[in-house]
Amino acid sequence: MNYTRIRKLRDKYAIVGVGYTPQGKIPGRTAMSFYAEAGANAIQDAGLKKDAIDALICYRQFPAANDEPEATPYLVAQHLGITPAILSQESYCPRHQFIQAVSLLEAGFCNYVLIIYADNAVSGKRMFINEATHSESPAYNFAYGEFGFVADYAMAARRAMHQFKTGPDTWKEIAVNQRKWANLNQMAAMHNKTLDYDQYMNSPYLAEPFRRLDASLISDGGRACVVTSVERARDLRHPVVAIMGVGEANPSVDIHQSAYMSGPTGAKKASETAFGMADIKLDAIDACEIYDCFTYTVEITMQDYGFFSPGEGNEFFKDGKTAPGGKMPVNTSGGLLSEAYFMGLTPITEGVMQLMGRCGERQLGEKTGTNKPEIILCSDNGGVLQTHSCLILRRL
């Protein structure tokens, strides 16, 4: 790809506000209520009036639980009391929200884009089934004991154990390191629960080779952010966090049909685009916020980004390198594994908050024995390694 055209977008747009809600198990709440709360909090956090929002992008919404109304962008806008010119929602798995936001802003269709994901998956007792991206019906897979995303990713991880010589000795490092970050995050579901290697190894299997502690949490709640131009961001309340680079790739292949079952994640191609736009090398990255639906997803993503070669994951993650005090902090909120599950907005909003300097006890820098971050690499992943988005953020 010739990066000359997209390099003009480097540092032109910024994320200016983050919206949180209560998270974990929150009975009696609808997904819609979390959408509205997260969105309203992001608008307020940015220091904007709701009428300023002229584009709304909702992450993929799973089928409504308990006969609730579907949380469509139309209803979300209605509940927020906004009348955006642009409404959008993922139908399936592509992770293009930030490319879409930048594109809309660059084309002049809007000035402020609100991006939200919310769900009541715990209270609604949702089972996450990959219906949209399988080449056969879920019922066919059920007959062979394959239920949902856990078994799908477990197949990829099992292949990686053979191909890359990875496995639990690597994944325990990821789980334990991220739990240490969650122990510093009062909002994290696992804030008060420490984790050691023995606890990890003794946790029950979900679908071999994955133990329970290899899998992300399921959460009630929501997360949102607002994207606008850097020029407008300079007039708002927080330090400016610019989108330095963004890239997307969609391998698309159903895991059952994949010739390369341990991937491809799309991370390599997406990161090449993002780094090409940002015009930097990997050694410029100070920290990573990686989509971590499973421990293995962190490993394969960072491997495809180029942090280490195939088979070198254990060496990379051991000795607390990605934990507080480590040289390359990863998933500093605890991530999907130990904080809360809000799709790609869990890692991306954490990257924003870190660069704004708003993370309290887990703040990168002197407080956690790490370098003060200037540039953070974030990822989002969809389907079963079928779509990938890479986002590079920096503090201006």
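The values are calculated or read from the model by the stated rules, or taken from the named source; none is laboratory data. Fair warning: this is a prediction, and the values are worked out from it, not measured in the lab. FYI the Cβ positions are ideal-geometry reconstructions off the backbone, even for glycines, and counts take in every protein chain you see.
Brief remarks on what is shown
Conditions (1) surrounded by fewer than 19 Cβ atoms within 10 Å (Cβ to Cβ); (2) at negative phi; (3) in a helix (DSSP H, G or I), marked per residue:
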site	(1), (2), (3)
Lys318	yes, yes, yes
Leu336	no, yes, yes
Gln354	no, yes, yes
Glu361	yes, yes, yes
Val384	no, yes, no
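- For region 228-254, the set of residues classified as of a type outside the set (S, T, N, Q), out of contact with any Leu (no Cβ under 7 Å at 6 or more places or on another chain) and under 21 Å from Cys58 (Cα atoms) consists of Gly247, Glu248, Ala249, listed by residue number.
- Phe128 vs. criteria more than 30 Å from Ile15 (Cβ to Cβ), modelled with pLDDT under 90 and surrounded by fewer than 20 Cβ atoms within 10 Å (Cβ to Cβ): no
- Answer from Asp279, Asp283 - the residue that is more than 15 Å from the chain's Cα centre (by Cα), over 19 Å from Val330 (Cβ atoms) and not basic (Lys, Arg): Asp279
- Of residues in region 349-365 being among the charged types (D, E, K, R) and under 19 Å from the mean Cα position of the chain (by Cα), the one nearest to Phe98 (Cα to Cα): Glu350
- Complete set of residues in region 274-305 that are of a type in the set (Gly, Ala, Ser) and surrounded by 23 or more Cβ atoms within 10 Å (Cβ to Cβ): Ala274, Ala278, Ala287
- Looking across region 1-35 at every residue that is surrounded by fewer than 24 Cβ atoms within 10 Å (Cβ to Cβ) and small (Gly, Ala, Ser), the one that is farthest from Arg395 (Cα to Cα) is identified as Gly28.
- Which listed residue, of Leu114, Leu105, is modelled with pLDDT of 95 or more, part of a helix (DSSP H, G or I) and surrounded by 16 or more Cβ atoms within 10 Å (Cβ to Cβ): Leu105
- Residues that are of a type in the set (Lys, Arg) and assigned to a loop (DSSP other than H, G, I, E, B) were ranked within region 202-238; the one that is nearest to Asn41 (Cα to Cα) is Arg237.
- Among (1) closer than 26 Å to Gly357 by Cβ; (2) over 20 Å from the mean Cα position of the chain (by Cα) - the single one Trp181 does not satisfy: (2)
- Subset of region 264-307 [assigned to a loop (DSSP other than H, G, I, E, B) and in contact with a strand residue (DSSP E or B) (Cβ under 9 Å, 6 or more places away or on another chain)]: Pro264, Thr265, Gly266, Asp279, Ile280, Ile285, Asp286, Ile290, Tyr291, Asp292, Cys293, Phe307
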